[in-house]
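In what follows, a single structure is set out as structure tokens and then discussed.
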Amino acid sequence: MSEASEMNGLSIVIPAYNEEKAIVETIEHVTGVMEPSQTPYEVILVNDGSTDKTAVIIQSYLHDHPQLAERVRLVEHAHNRGYGASLKTGIRAAKNEAICITDADGTYPNNRIPELFGMFRERGLDMVVGRRSFKKLPTLTKPAKWFITKLANFLVDDKIPDINSGLRIFRRSIAMKFFPIICDGFSFTTTITLAMFSNGYQVHYEPIEYFKRKGKSKIRPIRDTINFIQLIIRTVAYFNPLKVFVPVSLLLFLVGFLLFIIGRMGIFFAETPNDTITILFVGGIQVLATGVIADMIAKKKD
């Protein structure tokens, strides 16, 4: 693997799984905006074990456009390994320190890549993210998106405008530090966002357009929302355990205290449910103690 160069070059990683309808347009769009920018760049297409004609179409296109041989590379997975795994493969293969990721389905304005890279380089940022308009997101995903964002904001104690935008530029060396905790599925962007915020890196958000995808969406709203919530809690607990354990501990103490008051007043039951209250208070202490120990371990890792 080549050593990453300085920030003058950009490696654009595009994962593709069954994107035969959009992949050529994506390649042409990306190379079409990068060529006039005079920025040294490479495009790494990661075919994630597609079962349609994605790989054949890419190979045919590159064969018919030999002038792109030094600019565009195809990396293939023998079988489908997931969005996150594809990005990891592309990032490992990249020659530049600056990494841009975008989707192959035509949903992101790739014409903004040179502009975003300019901000990234000139301001010395660790990550710049294209922030999608909430109004542009599919209707079914809006409630889940709102809840997930609010939960993430609370846990990282910061405002995250778009937690899982798929158009972003970041430092390769920083991203690779987090590879051990990044799953191979769709959680790559969410995890790296939380990791960046939790560790105090310089992140900037820039408004972008968001378009209707070409082809069938691979998102499963209910299952993916539950997975995202679990992911957010797990990732924040990894970097800052007290942000997760303290609220849970306080909640147990609060419920126990309310039951004690209600029981004493005889509102719902004749006498105070001592066993339940004891369990809640002891549980609160145990959760808090676990959080303190986890926080000590997290600080030791740093």
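The values are calculated or read from the model by the stated rules, or taken from the named source; none is laboratory data. Fair warning: this is a prediction, and the values are worked out from it, not measured in the lab. Using ideal geometry, Cβ is built from the backbone for each residue, glycine included, and neighbour counts are taken over all protein chains shown.
Are any of the residues in the range 212-221 out of contact with any His (no Cβ under 9 Å at 6 or more places or on another chain), part of a helix (DSSP H, G or I) and at pLDDT below 85?
yes
Report yes if residue 121 is at pLDDT 90 or above and outside any helix (DSSP H, G or I), otherwise no.
No: the conditions fail for residue 121.
Which is at pLDDT 95 or above, in the same structural domain as residue 149 (by TED's automatic domain parsing) and within 20 Å of residue 162 (Cα to Cα), of 76, 115?
115
Check off (1) more than 14 Å from the chain's Cα centre (by Cα); (2) surrounded by 14 or more Cβ atoms within 10 Å (Cβ to Cβ); (3) under 30 Å from residue 118 (Cβ atoms); (4) at pLDDT below 90 for residue 241 and give me the number that stays unchecked.
(3)
Assuming residue 35 fulfils every condition listed in (1) without any contact (Cβ under 8 Å) to a residue 12 or more places away in the chain; (2) within 22 Å of residue 182 (Cβ to Cβ) apart from one, which condition is it?
Unmet condition: (2).
Of the residues 160, 192, which is assigned to a loop (DSSP other than H, G, I, E, B) and in the same structural domain as residue 83 (by TED's automatic domain parsing)?
It is 160.
Within the range 51-93, how many residues turn out to be over 19 Å from the mean Cα position of the chain (by Cα), buried (at least 21 other Cβ atoms within 10 Å of the Cβ) and either part of a helix (DSSP H, G or I) or of a type outside the set (Val, Ile, Thr) (or both)?
Residues meeting the conditions: 2.
Would you mind stating whether residue 205 is more than 30 Å from residue 293 (Cα to Cα), modelled with pLDDT of 90 or more and among the aromatic types (Phe, Trp, Tyr)?
yes
For the condition in a helix (DSSP H, G or I) and at pLDDT below 95, what is the one hit in 186, 154?
Sole residue among the options that is in a helix (DSSP H, G or I) and at pLDDT below 95: 154.
Take the range 21-32 and flag every residue that is more than 24 Å from the chain's Cα centre (by Cα) and in contact (Cβ under 8 Å) with a residue 60 or more places away in the chain.
Across the range 21-32, the qualifying residues are 21, 25.
Please go through the range 148-157 and give me each residue that is polar (S, T, N, Q) and either outside the structural domain of residue 112 (by TED's automatic domain parsing) or more than 13 Å from the chain's Cα centre (by Cα) (or both), ordered by number.
Hit for the range 148-157 is 153, nothing else.
Checking residue 39 against (1) surrounded by fewer than 20 Cβ atoms within 10 Å (Cβ to Cβ); (2) under 21 Å from the mean Cα position of the chain (by Cα), which test does it fail?
Looking at each condition in turn, residue 39 falls short on (2).
Need the failing condition index for residue 143 against (1) buried (at least 20 other Cβ atoms within 10 Å of the Cβ); (2) modelled with pLDDT under 95; (3) farther than 17 Å from residue 189 by Cα, just the number.
In the conditions (1) buried (at least 20 other Cβ atoms within 10 Å of the Cβ); (2) modelled with pLDDT under 95; (3) farther than 17 Å from residue 189 by Cα, residue 143 misses (1) alone.
Of the conditions (1) closer than 30 Å to residue 119 by Cβ; (2) assigned to a loop (DSSP other than H, G, I, E, B), residue 20 clears all except one; give me its number.
(1)
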